[in-house]
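Before any comments, here is the structure.
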Amino acid sequence: MTQLAEKQCIPCQGDVPPLKGDELEKLHDELGHDWELVDEHHLKRLYEFDDFRQALDFTNRVGEMAEEEDHHPEIYLTWGEVELKVYTHKIDGLTESDFVWAAKADKLYNH
C-alpha cells in the first residue's frame, strides 16, 4: 500500500496551479495504475463488487471519508460497480491531495 494513504488532504485555497508533466506522473506511479490519469485533469477508477449491496456499502464509506477529508469526488454507483472521479474543483485540475484521497479510497476498498 502506498504511503500516500497515510497523508492528509490539504484544502486547496485556489492559489496553486494544477500539477502537470513529470510531477504528475511521479504521483501517478506512486498511486498505482489502477487509477486512470485522464488528460492531466482528473483521476478515475472503477471498483467492482459481487452485488449492489457491496457497491453501496463502499460508496457510503467513500462518502464518509470524503466528508472527513473535506475532499469530494464524483461518484457513480450501479449494480456491482462504483466509479470514482477525483480532482480539485477550485483549480480545475490535480493536486497532491487528489492522489492522497485516491490512495485512501483504495485502502477502503482493500479492507
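The values are calculated or read from the model by the stated rules, or taken from the named source; none is laboratory data. Quantities reported herein were computed from a predicted structural model and do not represent experimental measurements. Note: ideal-geometry Cβ built from the backbone for every residue, glycine included; neighbour counts use all protein chains shown. For accessibility, only protein heavy atoms count, side chains too; no ligands or nucleic acids. Shrake-Rupley method; radii C 1.70, N 1.55, O 1.52, S 1.80 Å.
Please work out if Asp15 is free of Cβ contacts under 8 Å to residues at least 24 places away in the same chain and part of a loop (DSSP other than H, G, I, E, B). So Asp15 passes the test. Taken as a whole, the structure leaves Gly80 outside the set of residues that are modelled with pLDDT under 95, on the phi > 0 side of the Ramachandran plot and of a type in the set (Gly, Ala, Ser). Annotation: Ala55 fulfils all but one of (1) closer than 12 Å to Ala105 by Cα; (2) in a helix (DSSP H, G or I); (3) more than 11 Å from the chain's Cα centre (by Cα); the unmet one is (1). Just one of the numbered conditions (1) touching a residue at least 60 places away in the same chain (Cβ under 8 Å); (2) in a helix (DSSP H, G or I); (3) farther than 18 Å from Asn110 by Cα; (4) not aliphatic (A, V, I, L, M) is not true of Glu25: (1).
For segment 41-91, the tally of residues that are out of contact with any Asp or Glu (no Cβ under 9 Å at 6 or more places or on another chain), open to solvent by less than 90 Å² (accessible area, probe 1.4 Å) and touching a residue at least 40 places away in the same chain (Cβ under 8 Å) stands at 4.
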